[in-house]
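Heads up: the structure comes next, in structure tokens.
Coordinate-derived values only; no laboratory data. Since this is a predicted model, take the numbers as computed values, not measurements. Neighbour counts are summed over all protein chains in view; Cβ atoms, including those assigned to glycine, are modelled from backbone coordinates with ideal geometry.
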Amino acid sequence: MIGFNKSHDWTPEFKRFTLAHELGHLSIPSHLEVLHKESRLVSNPGYYSDKEIEQEANIFAINFLAPANPFKDKLNKLSISYSALEELRTYYKISREATAIRMMKLTNNDCSFIVSNTNNEILYDQRSDFFFDNHWHNSIRGNQVNEQSQAYSYSCTNGCVTSQSRLKNWYPSVRDDYAIKEQTFDLGYQNRIGTFITVDPN
Ligand SMILES: [Zn+2]
């Protein structure tokens with residue numbers, strides 16, 4: 001049985017993702033073992049978790065809702081941008097956050113997706129493989145958003161804002177600094193803000 005906590009303000013996209021996530025727990029044999037032992041599994045809303053079992057259920061969910069190959073085909077025809085995000089999330093009926101994470105996992109571009117809140121705290125970042133290989137850096141989770149980044153003063157009524165910035169504003173100890181494009185937008189829940197950064201190769 002799958003239950004929803006009604007006190008959360010679930011969007012249809014969030015519900016779909018959560019149902020797929022719970023279906024993952026019910027489909028992965030090692031999760032069923034945990035389920036039998038603990039009689040219930042509680043999943044908190046959000047797409048990021050340190051727990052392996054939650055990560056696995058999220059991987060199941062995203063592969064179920066937005067299979068990698070067709071997603072990649074569509075993504076290859078688009079740039080890493082807010083408009084691409086909107087196009088993909090409308091098509092796949094998943095949230096902005098889940099779509100953005102999917103984009104980072106499947107793109108060949110040099111980019112990162114950073115989630116912060118209106119207190120300017122960085123909650124996590126999801127880097128593309130190319131970014132990971134070329135700009136090695138420790139986790140920026142828990143860092144404060146740099147004042148030079150537009151996410152710093154972003155208010156959730158702004159829509160999508162685009163500007164230029166520097167890589168070191170987000171990743172202070174990278175060896176080489178680069179010009180980056182920033183796109184900041186509202187993620188639609190809990191005052192969460194998403195920022196795409198794309199590194200300009202020139
Ligand atoms: Zn779960």
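Tabulated data
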{"quantity": "Largest-first ellipsoid semi-axes for the chain, taking √(5λ) over the Cα gyration tensor eigenvalues, angstrom", "calculated": "30, 18, 17"}
{"quantity": "Check: the stretch 13-117 dipole with +1 on Lys, Arg Cβ and -1 on Asp, Glu Cβ, in debye", "calculated": "320"}
{"quantity": "Folded to 0 to 90 degrees: helix 12-27 orientation relative to the chain principal axis, Cα", "calculated": "60"}
{"quantity": "Residues whose placed amide H lies under 5 Å from that of Arg166, excluding near-sequence neighbours", "calculated": "Ile180"}
{"quantity": "Local electrostatic count at Ser27 - Lys and Arg +1, Asp and Glu -1, tallied over other residues with Cβ under 14 Å", "calculated": "-3"}
{"quantity": "Förster radius 35 Å - calculated FRET efficiency between Ile59 and Lys168 (Cβ-Cβ, nearest 0.05)", "calculated": "0.65"}
{"quantity": "Percent RCO, i.e. relative contact order, over the chain, from Cα pairs under 8 Å lying at least 6 residues apart", "calculated": "16"}
{"quantity": "Angle between the chain longest axis and helix 82-92 axis [Cα atoms, degrees, rounded to 10]", "calculated": "20"}
{"quantity": "Cut-off of 10 Å, at most 15 other beta carbons, DSSP loop: longest stretch of the chain lacking such trypsin sites (Lys or Arg not before Pro)", "calculated": "94-140"}
{"quantity": "Förster radius 35 Å - calculated FRET efficiency between Glu33 and Ser83 (Cβ-Cβ, nearest 0.05)", "calculated": "0.20"}
{"quantity": "Longest DSSP-loop-exposure-free segment, chymotrypsin sites (Phe, Trp or Tyr not before Pro), the chain, at most 13 other Cβ within 10 Å", "calculated": "5-135"}
{"quantity": "Loop-located GluC sites (Glu not before Pro) in the stretch 96-202, at most 10 other Cβ atoms within 10 Å (DSSP)", "calculated": "Glu147"}
{"quantity": "Residues in the stretch 145-161 that a label on Thr118 would reach, taking backbone N under 11 Å of a point 7 Å out along Cα→Cβ", "calculated": "154-158"}
{"quantity": "Length added when fully stretched, Phe132-Thr157, from 0.36 nm per residue minus Cα-Cα", "calculated": "5.8 nm"}
{"quantity": "Lysines with Cα under 18 Å of Lys51, excluding same-chain neighbours fewer than 8 positions away", "calculated": "Lys37"}
{"quantity": "Set of the stretch 97-134 residues, backbone N closer than 17 Å to the point 7 Å along the Cα-Cβ line of Asn76", "calculated": "103-110, 129-130"}
{"quantity": "Helix axis angle, 52-65 relative to the chain longest principal axis, alpha carbon, degrees", "calculated": "80"}
